[in-house]
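The values are calculated or read from the model by the stated rules, or taken from the named source; none is laboratory data. Because the structure is a prediction, the values reported are computed rather than measured. Here the Cβ positions follow ideal geometry from the backbone for every residue, glycine too, while neighbour counts run over all protein chains shown. Protein only, heavy atoms only, side chains kept; ligands, DNA and RNA dropped before computing areas. Shrake-Rupley method; radii C 1.70, N 1.55, O 1.52, S 1.80 Å.
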Amino acid sequence: MRASKGRLIVTTSANGLVGAPYNDAYAASKFALEGAVESLAPVVARYGVRTTIVEPGPVATDVMAPRRFEKLRPHDAVENSPYPEPWDFLSRVIGNTGGVQAVEEVGPQILDLLGRDNPPLRFQTAQWARDFVAPKLSADLDGKKVYEASEVYIGLAG
């Protein structure tokens, strides 16, 4: 990658920056991946390798298919469950077509990132995802400050 000045693109999730109810294990794995890639990016940038963390919101893949969640439902009706909230939450997420992005929209955006000379450290694939993470990252939505901090504190930004 150093010789070719390649690109490193890692897809995580908007839930790698902002946790969502009943998504704790998923969010934890995405937070960990975000931290690993954010730490690596300034190091490989010294060698001309540009890194982007792609952070979509919900994407209409098989993972989000309602049939998958049906298997997770309690055997009793949800109304009789002592824990109905997760099922209500999942139903709202799956049913919110304004927040679910088509798979066909994500691929071309990743290809576009590969062609950029200076891709951002972070890239959200939908306005919904940008709006979701913006309050947390308002000071550094594209990751430039990560590189600046690396230069100032440890002399690594590239």
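Just for segment 11-50: of the residues that are in a helix (DSSP H, G or I) and polar (S, T, N, Q), which one is least open to solvent (accessible area, probe 1.4 Å)?
The residue in question is 15.
Search segment 1-30 for residues that are acidic (Asp, Glu) and pair each with any residue that is in a loop (DSSP other than H, G, I, E, B) and surrounded by 16 or more Cβ atoms within 10 Å (Cβ to Cβ) when their beta-carbon atoms are under 8 Å apart and the residues are at least 6 apart or on different chains.
The qualifying pairs do not exist here.
Does segment 100-128 hold any residues that are buried (at least 17 other Cβ atoms within 10 Å of the Cβ) and at pLDDT below 85, and which are they?
Result: 100, 101, 128.
I'd like the full set of residues that are modelled with pLDDT of 70 or more, more than 25 Å from residue 102 (Cα to Cα) and of a type in the set (Val, Ile, Thr), limited to segment 129-158.
146 - this is the single residue of segment 129-158 that is modelled with pLDDT of 70 or more, more than 25 Å from residue 102 (Cα to Cα) and of a type in the set (Val, Ile, Thr).
Among the residues that make up segment 68-75, is at least one of them more than 25 Å from residue 49 (Cα to Cα), open to solvent by 40 Å² or more (accessible area, probe 1.4 Å) and modelled with pLDDT of 85 or more?
Scanning segment 68-75 turns up no residue that is more than 25 Å from residue 49 (Cα to Cα), open to solvent by 40 Å² or more (accessible area, probe 1.4 Å) and modelled with pLDDT of 85 or more.
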